[in-house]
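Q: Handing you this structure, nothing more for now.
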Amino acid sequence: MKSLNTILLVEDDKTTRFMLREQLEKNDFIILEACAGRRCLEIIEQYPVNLILLDLNLPDGNGFDFIDKIKAQTDVPLIILSSEKDEDKRVESFEIGADDFVSKPFNSKVLIARIKAHIRRYDISHNTSINMKRNGKESNISHFHGWTLDRLKYELHDKDGQAAALTQKEFYLLDYIVLHPDRVLKRDELCEVIRENNYVPTPRAIDVKITRIRKKIGDNALQPFIIKTVRGVGYIFNPDTESG
């Protein structure tokens with residue numbers, strides 16, 4: 001049976017809270033509710049949640065006042081809901097730890113799509129971290145086919161120490177692929193790896209980035225050996241015997 005994701009809705013307006021709960025429950029989410037910041041902190045201390053929706057105007061303080069405290073207790077995605085139109089407030093929310101900012105009034109279908117995307121991305125990142133620990137790869141270094149991938153420096157070097165000029169998204173994509181050897185990675189899954197607040201990659205964008213990565217690591221585009229294509233599905237990483 002599929003497990004349901006739990007969302008903590010922190011909103012003091014009863015009408016908005018009722019409307020959101022109704023829409024979210026229709027999409028198979030479990031909803032916990034809080035009408036104040038302090039109650040939000042109590043709930044996340046007692047119950048596991050998959051995502052938090054946080055209104056900025058709360059009776060016991062501005063939502064900004066609680067973001068640091070929330071993030072100290074959990075690293076799940078946090079989406080700000082606000083009628084605030086000041087772009088500086090939006091920027092501030094990201095700087096202090098929010099993962100997204102949705103302005104009121106909002107389209108519930110769009111909000112739900114963003115919620116699902118954040119949960120998928122968090123799950124991918126969380127599972128990657130678990131796999132690294134399980135496989136003893138917490139050194140932040142991986143070796144493959146003469147290349148060294150350094151996660152602390154966000155760099156990829158060849159056997160002579162020369163750095164490959166990977167873009168940030170190319171690095172994230174290659175890192176994820178390297179951490180999941182001998183498994184077919186679907187294009188949609190890889191899209192989630194590099195998705196950002198204002199960037200939603202397409203499967204075609206993944207193909208383009210893989211082509212560029214192959215070129216930079218010397219993987220023959222006509223007969224790739226390191227990152228192989230699984231036609232109509234995605235890609236599979238072929239590791240060598242050396243691992244970090």
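No lab work stands behind these numbers, since they all come straight from the coordinates. Quantities reported herein were computed from a predicted structural model and do not represent experimental measurements.
Q: Sequence neighbours fewer than 8 away in the same chain don't count; with that in mind, list the lysines whose C-alpha is under 28 Å from K104.
A: Output for K104: K14, K26, K69, K71, K85, K89, K116.
Q: While we're here: Name the lysines eligible as straight-distance cross-link partners of K159: C-alpha to C-alpha under 19 Å, and not fewer than 8 places from it in the same chain.
A: Leaving aside lysines fewer than 8 places away in the same chain, those within reach of K159 are K215, K216.
Q: For Rg/Rh (Cα atoms, Kirkwood Rh), several values are listed as (i) 1.03; (ii) 0.94; (iii) 0.98; flag the one computed from this structure.
A: The listed entry that was calculated here is (i).
Q: Let me check against my output: what whole-number percent is the relative contact order of the range 20-77, with C-alpha pairs under 8 Å and at least 6 apart? Show your work: numbers first, answer last.
A: On the way: 36 pairs, mean separation 19.4, N = 58.
For the range 20-77, the relative contact order is 33 percent.
Q: Can you spot the lysines whose alpha carbon is less than 18 Å from K209's alpha carbon? Ignore those fewer than 8 places along the same chain.
A: Here the lysines satisfying the reach criterion relative to K209 are K169, K186, K228.
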